[in-house]
Amino acid sequence: MKPIRLITGIFTVGLWTLLSRVLGVVREVLILGLIGPGPVMDAFVAAFRLPNMFRRFFAEGAFNAAFVPMFSKRLEAQDNPERFASEAFSGLAFILMVLTGLSLVFMPALVYATAEGFAGTERFDLTVEFGRVIFPYILFISLAALFSGMLNAAGHFAAAAAAPVLLNIFVITTMGLAAVLDGPIVKVLIWTVPFSGVAQLALVWIATRRAGFRLDWKLPRLTPDMKHLAIVALPAALAGGVMQINLLVGQQVASNFEKAVGWLYAADRLYQLPLGVVGIATGIVLLPDLSRRLKAQDDTGAREAFSRASEIALALTIPCAVALFVIPLPLVSVLFERGATTSDDSAAMAVAVAIYGLGLPAFILQKLLQPLFFAREDTKSPFRFAVWAMIVNAVLAVGLSYVLGWIAPAIATTLAGWAMFVMLAFGARRMGDVARFDPRFRRRIWRIVLASLLMGVVLWGLNAALGQYLFMDYVRYPALAVLITLGSLSYFGFGQVLGAFSWRELRDTLRRRRSGT
């Protein structure tokens, strides 16, 4: 089989994910500007979170954690991978259709279970109404995740990475038209979501056929392969369920505070930008690469892939975390403060962004460590760790809410993220050298951290120097651009001087990957 080009794969997925996340920020800018924090936005956030919650539970989390390694190994061994994928597709589609039907019927109970604080207010009825329109999105996006997993396993990353861009393009376009034509903005927004899911599914289905895969619809049957898939996927499903419980605990706590659901959602979208571009992109490429290398008993290559992916991810993530912590208010104010979003909303969101920034490296490290387990079809260990992380999150979110109020879920999420990383790191030690960073990584990581801290000092000084210009209409946009540009240049300059990374080495690596050597 043609080897997966790890570095170029990460950059391919990263660039498409960057576009998706940037457009996602534009989407949130429109939502905050046209709708603003309040009952309607809280209802949309809670409704939109329902299919995304189950998507991570069934597709991107549990299903892909089991499906991608098993499909990759069959692809490597030429062991009829299309038959296996067809059976998986049929079984997943059946489960999703049943889930969608039940959820539409019992939507009020589902809303109560996920946002109990809405009960007795207009937010509850709005969430039920929005949820019944948005929820079918899970059917299309989860099936798209299966096709994306096939493409990733075969080393075709572009189409799968580009598919999420469609949601943001559709939402931005339709909301913009509704605003210009004085149309019903909220209704346009919620109806656009399921239609974008159809478009994403169509894109990856076409790409899969062009990659040479043909799937046949089969009656769902519990074959030996599907039984093994279910056995491997169940702990991952439970682990995915635990992570979603963490989100629900945070939403339950926030639903008891006015505007808090919207504040935390906006802050979450901002820190998700580097998390998606770097962490998720790296994990997507690393999982099939590790699976195929372990199948070929290439432990040396697996360790090198793990170390290089981690080095690249942290070199891009740690400075982002520092920036989110040092300059959250200028970022939030320039991006979100307009229309229905006030300076008080910006101040609240900035606090959450700074706290999430402290947890960003932990979330990235989780994305790097989990493929070590999933590539071995070990989904039980991450499940056990996730349960402990859930307990940490729930205790802190509920307990701190009585003292710190609405910000407690952000603090709990960050601390639970670090707890999850520590458990994954200790659990991976039994895997031997494959799960240990190589000498090059250990030489460079402290230099990356130091360069990021020095950049933080520069950002702090620039923030103080620019001062009021960051909050003045029209002037704030170029002022923020200057702040980010000079901060980024300082990081790359410090990194080059300290030896945190080498542009020449990166260029040579990309050339070797393109040539397949």
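The values are calculated or read from the model by the stated rules, or taken from the named source; none is laboratory data. Owing to the predicted nature of the structure, the values given are computational and were not obtained by experimental measurement. Using ideal geometry, Cβ is built from the backbone for each residue, glycine included, and neighbour counts are taken over all protein chains shown.
List every residue pair whose Cβ atoms sit under 9 Å apart, with the two residues 6 or more apart in sequence or on different chains, where the first one lies in the range 446-459 and is without any contact (Cβ under 8 Å) to a residue 60 or more places away in the chain and under 17 Å from T485 (Cβ atoms) and the second, anywhere, is among the hydroxyl-bearing types (S, T, Y) and surrounded by 19 or more Cβ atoms within 10 Å (Cβ to Cβ).
From residues that are without any contact (Cβ under 8 Å) to a residue 60 or more places away in the chain and under 17 Å from T485 (Cβ atoms), the pairs are L454/S490; L454/Y491; V457/S490; V458/S490; V458/Y491.
Looking at the range 317-334, can you tell me whether even one residue there is closer than 30 Å to L480 by Cα, in the same structural domain as A230 (by TED's automatic domain parsing) and not in a helix (DSSP H, G or I)?
Yes, the conditions are met somewhere in the range 317-334.
Does the range 479-494 contain at least one residue that is crowded, with 19+ Cβ neighbours inside 10 Å and farther than 17 Å from L324 by Cα?
Within the range 479-494 (the criterion being crowded, with 19+ Cβ neighbours inside 10 Å and farther than 17 Å from L324 by Cα), the answer is yes, since at least one residue qualifies.
Given the structure, is V403 assigned to a helix (DSSP H, G or I) and crowded, with 18+ Cβ neighbours inside 10 Å?
No, not satisfied.
Checking the condition on the phi > 0 side of the Ramachandran plot, assigned to a loop (DSSP other than H, G, I, E, B) and surrounded by 15 or more Cβ atoms within 10 Å (Cβ to Cβ), which residue from G155, G212 passes?
G155
Run down F106, F84, F124 and say which single residue is among the hydrophobic types (A, V, I, L, M, F, W, C), in the same structural domain as S196 (by TED's automatic domain parsing) and within 30 Å of R376 (Cα to Cα).
Just one listed residue meets the conditions, F84.
Sort through L264, L275 and tell me the only one that's at pLDDT 70 or above, under 27 Å from F325 (Cβ atoms) and touching a Gly at 6+ places or on another chain (Cβ under 8 Å).
Criteria check complete, one pass: L264.
Table: residues versus (1) outside the structural domain of E304 (by TED's automatic domain parsing); (2) aliphatic (A, V, I, L, M).
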residue	(1), (2)
G417	no, no
L424	no, yes
D433	no, no
R442	yes, no
V458	yes, yes
Q468	yes, no
D473	yes, no
A479	yes, yes
L489	yes, yes
